[in-house]
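In what follows, a single structure is set out as structure tokens and then discussed.
Just so it is clear, none of the values below were taken in a lab; they were calculated from the coordinates. No experiment lies behind these values; they were computed from the predicted model shown. Cβ atoms come from the backbone with ideal geometry, glycine included; neighbour counts cover every protein chain shown.
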Amino acid sequence: MKLLVCGGAGFIGSSFVRIRIADHGDDVVVLDKLTYAGRRENLEGLGVPLVEGGIEDPVRVAEALDLGGAEAIVNFAAETHVDRSIAEPDAFVRTHALGTHVLLEAAREHGLRMLQVSTDEVYGSIEDGSFTEESPLRPSSPYSATKAGADLLVASYTHTFGLEALICRGSNNYGPRQYPEKLIPLMILNALHGDPLPVYGDGLQVRNWLFVEDFARAIGHVLAHGTPGEAYNVGGPDECPNLEVVRRIVELTGAPESLIQYVPDRPGHDRRYSLGSEKVRALGWAPRVRFDEGLERTVRWYRDNEAWWAPIRSGDYRAYYERQYGRSLGRR
Ligand SMILES: NC(=O)c1ccc[n+]([C@@H]2O[C@H](COP(=O)([O-])OP(=O)(O)OC[C@H]3O[C@@H](n4cnc5c(N)ncnc54)[C@H](O)[C@@H]3O)[C@@H](O)[C@H]2O)c1
């Protein structure tokens, strides 16, 4: 299949591209703005053309579509960090609202199928049980609110224009090549460096962990077998509170537990996310990687790939980290 993958230089997008080429022999073109989170290194060795540009730019989108003759668009392009959406929401509105609209128009013009990658955060927090695709959208941060807005726009294009658009809502992903502002890579790299491990609030926020390759496979599966106009939840096989995640990382890295430090909670921090995935399982997808195995693989990957993270830990990320946690990182 010929695919235009937007945001394909990021964490999940690059995993998707790798799997589509290796397992399906797809022809892929990537369109990516290369923000701080997008990296050419993530596509190294894959031989994929990369068009540098924003999805909100119709000219770049048209160029990328012409280059590969795409049959479908898969949209991963997003600003993805909740903390940054609280500090600077503008880019979230631009990319999620305007950008998604530009892609929908392009898909409509060319008669293409489009898959929008979304998140469990659009449903908000849930104390017990799990969200289904019928649950109301109750986003609580500028990140999740703009993602929810994009989902509604995507659904409206099927309803109004008959566009073959699908939505995949994933739970918290983890795995190789995730930017270290997110919980798991942040804690792994700090633990490997003997830096403090900053835990928000009481650390009892529960997340439904999904190994990145499992999400990437689910997205391909929904693209091929899903019904246009429908959303599909893709939840991980295990739930775990953040503090327990950090404790397991401490064990796997051999760092002392005394590195754990509690810091003031994020404003409006959701307590628990949980997704029911019956609908996507009925299409024939199932997760392959349990949390214990995936976390071990992830720790090993960061241990073995200093060349990937060293430039990040010595760049702008240090200033971001200082602003966010009110303390500095140790050695680079
Ligand atoms: N990480 C998770 O836990 C998770 C879970 C569920 C869903 N998602 C969704 O999956 C998608 C990918 O997330 P990720 O974790 O790989 O994010 P990421 O931050 O690693 O990657 C995002 C990519 O999008 C690119 N990008 C940003 N703005 C762009 C724009 N305007 N135009 C073109 N490219 C742009 C960035 O350069 C980067 O390559 C997002 O839509 C996110 O909402 C993420």
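Once amide H atoms are built 1.01 Å from N in the peptide plane, which residues 5 or more positions from Leu34, or in another chain, come under 5 Å H to H?
Gly53
Between region 230-279 and region 317-331, what is the C-alpha centre distance in whole Å?
21
In whole Hz and in residue order, list the ³J(HN,Hα) couplings for region 169-182 that follow from phi through the Karplus curve 6.51 cos²θ - 1.76 cosθ + 1.60, θ = phi - 60°; x for Gly and Pro.
Result, rounded to whole Hz: 9, x, 7, 4, 8, 8, x, x, 6, 8, 4, x, 7, 7.
Mind jotting down a quarter of the surface of the convex hull over the alpha carbons of the chain, in square nanometres, one decimal?
Details: hull surface 60.3 nm².
Mean projected area of the Cα convex hull: 15.1 nm².
Tell me which residues come under 5 Å, amide H to amide H, from Val263 once H is placed; ignore anything under 5 positions away on its chain.
Val199, Tyr200, Gly201
Check cross-link reach from Lys147 to the lysines: straight Cα distance under 23 Å, and skip same-chain residues fewer than eight apart.
Lys33, Lys182, Lys279
Checking the a/c ratio against 1.5 first, then a/b against b/c, what shape does the Cα gyration tensor give for region 166-221? Could the numbers behind the result be given before it?
Working: a/c = 3.59, a/b = 1.81, b/c = 1.99.
Because a/c hits 1.5 or more and a/b fails to exceed b/c, region 166-221 counts as oblate.
Suppose we look only past 18 Å in the calculated P(r) of region 22-134. What percent of the Cα-Cα pairs does that tail hold?
57
Roughly what % antiparallel, to the nearest 5, for the DSSP beta bridges in region 187-332?
DSSP beta bridges in region 187-332 are roughly 45 percent antiparallel.
Using only alpha carbon pairs under 8 Å that are at least six residues apart, calculate the relative contact order of region 21-171 and give it in whole percent.
Once divided by the residue count of region 21-171, the mean separation gives 22 percent.
Are there GluC sites (Glu not before Pro) in region 58-148 that DSSP marks as loop and that have at most 10 other Cβ atoms within 10 Å, and which are they?
In loop regions of region 58-148 (DSSP not H, G, I, E or B), the sparsely surrounded GluC sites (Glu not before Pro) are Glu127, Glu134.
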